[in-house]
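Each remark here refers to the structure printed beneath this line.
The values are calculated or read from the model by the stated rules, or taken from the named source; none is laboratory data. Bear in mind that the values here come from a model prediction, so they are computed numbers and not experimental data. Cβ: placed from backbone, ideal geometry, glycine included. Neighbour counts: every protein chain shown.
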Amino acid sequence: MDFQIRKAYPDGDDPRILLVDDNDVGIQTLAMLLELQGFAVTLASTGAQAIALFKERAPAIIILDIGLPDIDGYSVAAAIRESGQGKQPLIVAVTGWGGERDRERARRAGCDMHLTKPVNFDELEQILLSHRAPEGTERR
(Lines give C-alpha, C1' and ligand atoms only; values in the text may rest on other atoms or scores of the structure.)
Protein backbone atom coordinates (compact mmCIF):
# COMPACT_ATOMS: atom_id res chain seq x y z
CA MET A 1 0.00 0.00 0.00
CA ASP A 2 1.41 3.39 -0.98
CA PHE A 3 0.43 6.06 1.57
CA GLN A 4 1.15 9.34 -0.11
CA ILE A 5 -0.73 12.46 0.82
CA ARG A 6 -2.63 13.36 -2.33
CA LYS A 7 -6.03 14.41 -3.58
CA ALA A 8 -8.28 11.42 -4.09
CA TYR A 9 -9.67 12.96 -7.27
CA PRO A 10 -7.03 15.29 -8.76
CA ASP A 11 -9.37 16.64 -11.45
CA GLY A 12 -12.25 17.64 -9.16
CA ASP A 13 -13.60 17.98 -5.66
CA ASP A 14 -13.18 15.04 -3.34
CA PRO A 15 -16.37 13.32 -2.33
CA ARG A 16 -17.29 13.67 1.29
CA ILE A 17 -17.21 10.36 3.14
CA LEU A 18 -19.28 9.64 6.23
CA LEU A 19 -17.58 6.87 8.21
CA VAL A 20 -19.91 5.19 10.73
CA ASP A 21 -18.60 2.73 13.32
CA ASP A 22 -18.78 2.42 17.11
CA ASN A 23 -15.27 0.95 17.39
CA ASP A 24 -13.14 3.98 18.31
CA VAL A 25 -9.80 2.48 17.33
CA GLY A 26 -11.11 1.05 14.06
CA ILE A 27 -12.88 4.23 12.97
CA GLN A 28 -9.89 6.44 13.81
CA THR A 29 -7.50 4.15 11.94
CA LEU A 30 -9.68 3.93 8.84
CA ALA A 31 -10.30 7.69 8.90
CA MET A 32 -6.56 8.34 9.05
CA LEU A 33 -5.89 6.01 6.12
CA LEU A 34 -8.64 7.64 4.04
CA GLU A 35 -7.44 11.15 4.87
CA LEU A 36 -3.86 10.20 3.92
CA GLN A 37 -5.27 9.18 0.55
CA GLY A 38 -6.93 12.56 0.11
CA PHE A 39 -10.52 11.89 1.16
CA ALA A 40 -12.53 14.28 3.33
CA VAL A 41 -13.93 12.20 6.21
CA THR A 42 -16.64 12.86 8.81
CA LEU A 43 -17.07 10.40 11.69
CA ALA A 44 -20.19 9.09 13.42
CA SER A 45 -20.32 6.48 16.18
CA THR A 46 -24.10 5.90 16.36
CA GLY A 47 -26.91 5.39 13.89
CA ALA A 48 -28.75 8.53 15.01
CA GLN A 49 -25.59 10.60 14.60
CA ALA A 50 -25.06 9.11 11.12
CA ILE A 51 -28.57 10.06 9.96
CA ALA A 52 -28.18 13.62 11.32
CA LEU A 53 -24.77 14.06 9.66
CA PHE A 54 -26.11 12.68 6.38
CA LYS A 55 -28.86 15.32 6.39
CA GLU A 56 -26.42 18.07 7.35
CA ARG A 57 -23.47 17.25 5.08
CA ALA A 58 -24.87 15.20 2.17
CA PRO A 59 -21.83 12.91 1.79
CA ALA A 60 -21.24 11.17 -1.53
CA ILE A 61 -20.15 7.95 0.19
CA ILE A 62 -21.15 6.31 3.47
CA ILE A 63 -19.05 3.52 4.95
CA LEU A 64 -21.46 1.96 7.41
CA ASP A 65 -20.95 -0.56 10.19
CA ILE A 66 -24.04 -2.72 10.72
CA GLY A 67 -23.65 -3.41 14.46
CA LEU A 68 -24.21 0.02 15.99
CA PRO A 69 -25.24 0.62 19.63
CA ASP A 70 -28.53 2.44 19.00
CA ILE A 71 -29.92 1.90 15.50
CA ASP A 72 -28.48 -0.92 13.40
CA GLY A 73 -26.83 -0.12 10.09
CA TYR A 74 -29.68 -1.71 8.13
CA SER A 75 -32.09 0.83 9.61
CA VAL A 76 -29.64 3.67 9.00
CA ALA A 77 -29.28 2.70 5.33
CA ALA A 78 -33.05 2.42 4.92
CA ALA A 79 -33.62 5.83 6.57
CA ILE A 80 -31.08 7.44 4.26
CA ARG A 81 -32.63 5.85 1.16
CA GLU A 82 -36.13 6.91 2.26
CA SER A 83 -35.08 10.48 3.07
CA GLY A 84 -35.56 11.64 -0.51
CA GLN A 85 -32.72 14.09 0.04
CA GLY A 86 -31.10 14.98 -3.31
CA LYS A 87 -28.38 12.73 -4.66
CA GLN A 88 -28.22 9.37 -3.00
CA PRO A 89 -24.83 8.31 -1.67
CA LEU A 90 -22.94 5.11 -2.32
CA ILE A 91 -23.50 3.07 0.87
CA VAL A 92 -20.86 0.45 1.66
CA ALA A 93 -21.73 -1.87 4.55
CA VAL A 94 -18.56 -2.83 6.43
CA THR A 95 -19.26 -5.45 9.06
CA GLY A 96 -18.16 -8.65 10.73
CA TRP A 97 -21.42 -10.23 9.59
CA GLY A 98 -20.64 -11.81 6.23
CA GLY A 99 -23.20 -14.53 5.63
CA GLU A 100 -25.43 -14.59 2.56
CA ARG A 101 -28.46 -13.58 4.67
CA ASP A 102 -26.48 -10.60 5.99
CA ARG A 103 -25.51 -9.53 2.45
CA GLU A 104 -29.09 -9.83 1.24
CA ARG A 105 -30.43 -7.90 4.22
CA ALA A 106 -27.89 -5.12 3.57
CA ARG A 107 -28.93 -4.98 -0.09
CA ARG A 108 -32.64 -4.79 0.81
CA ALA A 109 -31.91 -2.00 3.30
CA GLY A 110 -30.26 0.07 0.56
CA CYS A 111 -26.57 -0.75 0.79
CA ASP A 112 -24.81 -0.83 -2.57
CA MET A 113 -21.95 -3.03 -1.39
CA HIS A 114 -21.16 -5.32 1.54
CA LEU A 115 -17.60 -5.84 2.78
CA THR A 116 -16.63 -8.12 5.65
CA LYS A 117 -14.20 -7.02 8.36
CA PRO A 118 -11.29 -6.93 8.41
CA VAL A 119 -11.53 -4.93 5.20
CA ASN A 120 -8.72 -4.94 2.67
CA PHE A 121 -7.90 -1.23 2.44
CA ASP A 122 -6.68 -1.45 -1.16
CA GLU A 123 -10.02 -3.01 -2.18
CA LEU A 124 -11.97 -0.33 -0.31
CA GLU A 125 -9.88 2.44 -1.84
CA GLN A 126 -10.53 1.08 -5.35
CA ILE A 127 -14.27 1.05 -4.66
CA LEU A 128 -14.14 4.65 -3.47
CA LEU A 129 -12.04 5.81 -6.41
CA SER A 130 -14.36 4.09 -8.88
CA HIS A 131 -17.42 5.82 -7.43
CA ARG A 132 -17.62 8.91 -9.56
CA ALA A 133 -21.23 9.37 -10.56
CA PRO A 134 -21.71 12.00 -13.28
CA GLU A 135 -22.92 15.39 -12.05
CA GLY A 136 -26.65 15.62 -11.58
CA THR A 137 -27.29 11.89 -11.48
CA GLU A 138 -29.14 10.35 -8.60
CA ARG A 139 -28.65 6.89 -7.16
CA ARG A 140 -31.61 4.53 -6.75
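Residues to consider are LEU68, LEU64; find the one that is crowded, with 16+ Cβ neighbours inside 10 Å and under 13 Å from the mean Cα position of the chain (by Cα).
Result: LEU64 is the single residue among LEU68, LEU64 that is crowded, with 16+ Cβ neighbours inside 10 Å and under 13 Å from the mean Cα position of the chain (by Cα).
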**Message:** Step by step: first the residues of the range 71-100, then only those that are surrounded by fewer than 18 Cβ atoms within 10 Å (Cβ to Cβ) and among the small types (Gly, Ala, Ser), then the one that is nearest to LEU129 (Cα to Cα). Which residue is that?
**Reply:** GLY86
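Name the one entry in SER45, SER130 that is of a type in the set (S, T, N, Q) and either buried (at least 19 other Cβ atoms within 10 Å of the Cβ) or closer than 16 Å to LEU18 by Cα (or both).
Details: SER130 fails: either buried (at least 19 other Cβ atoms within 10 Å of the Cβ) or closer than 16 Å to LEU18 by Cα (or both).
Within the list SER45, SER130, the selection yields SER45.
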**Asked** Does the range 23-30 contain any residue that is modelled with pLDDT of 90 or more, on the phi > 0 side of the Ramachandran plot and assigned to a loop (DSSP other than H, G, I, E, B)?
**Response** no
**Asked** For the range 61-70, does any single residue satisfy the condition of being among the hydrophobic types (A, V, I, L, M, F, W, C), out of contact with any His (no Cβ under 9 Å at 6 or more places or on another chain) and free of Cβ contacts under 8 Å to residues at least 40 places away in the same chain?
**Response** no
**Asked** Has the range 101-124 got at least one residue that is at pLDDT 95 or above, among the acidic types (Asp, Glu), surrounded by fewer than 12 Cβ atoms within 10 Å (Cβ to Cβ) and not in a strand (DSSP E or B)?
**Response** yes
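Look at GLY38 and say whether it is on the phi > 0 side of the Ramachandran plot, surrounded by 15 or more Cβ atoms within 10 Å (Cβ to Cβ) and assigned to a loop (DSSP other than H, G, I, E, B). Outline the logic, then answer.
Details: on the phi > 0 side of the Ramachandran plot: yes; surrounded by 15 or more Cβ atoms within 10 Å (Cβ to Cβ): yes; assigned to a loop (DSSP other than H, G, I, E, B): yes.
Against the criterion (on the phi > 0 side of the Ramachandran plot, surrounded by 15 or more Cβ atoms within 10 Å (Cβ to Cβ) and assigned to a loop (DSSP other than H, G, I, E, B)), GLY38 qualifies.
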**Message:** Restricting to the range 87-108, give me the number of residues that are over 18 Å from ILE127 (Cβ atoms), among the small types (Gly, Ala, Ser) and in contact (Cβ under 8 Å) with a residue 12 or more places away in the chain.
**Reply:** 1
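Across the range 51-94, what is the total count of residues that are part of a helix (DSSP H, G or I), among the aliphatic types (A, V, I, L, M) and in contact with a Pro (Cβ under 8 Å, 6 or more places away or on another chain)?
2
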**Request:** Would you point out which residue out of ALA58, ALA52 is surrounded by fewer than 21 Cβ atoms within 10 Å (Cβ to Cβ), over 14 Å from the mean Cα position of the chain (by Cα) and within 20 Å of ARG16 (Cβ to Cβ)?
**Result:** ALA52
**Asked** Looking at the range 56-67, is at least one residue over 26 Å from ARG107 (Cβ atoms), out of contact with any Gly (no Cβ under 7 Å at 6 or more places or on another chain) and modelled with pLDDT under 95?
**Response** yes
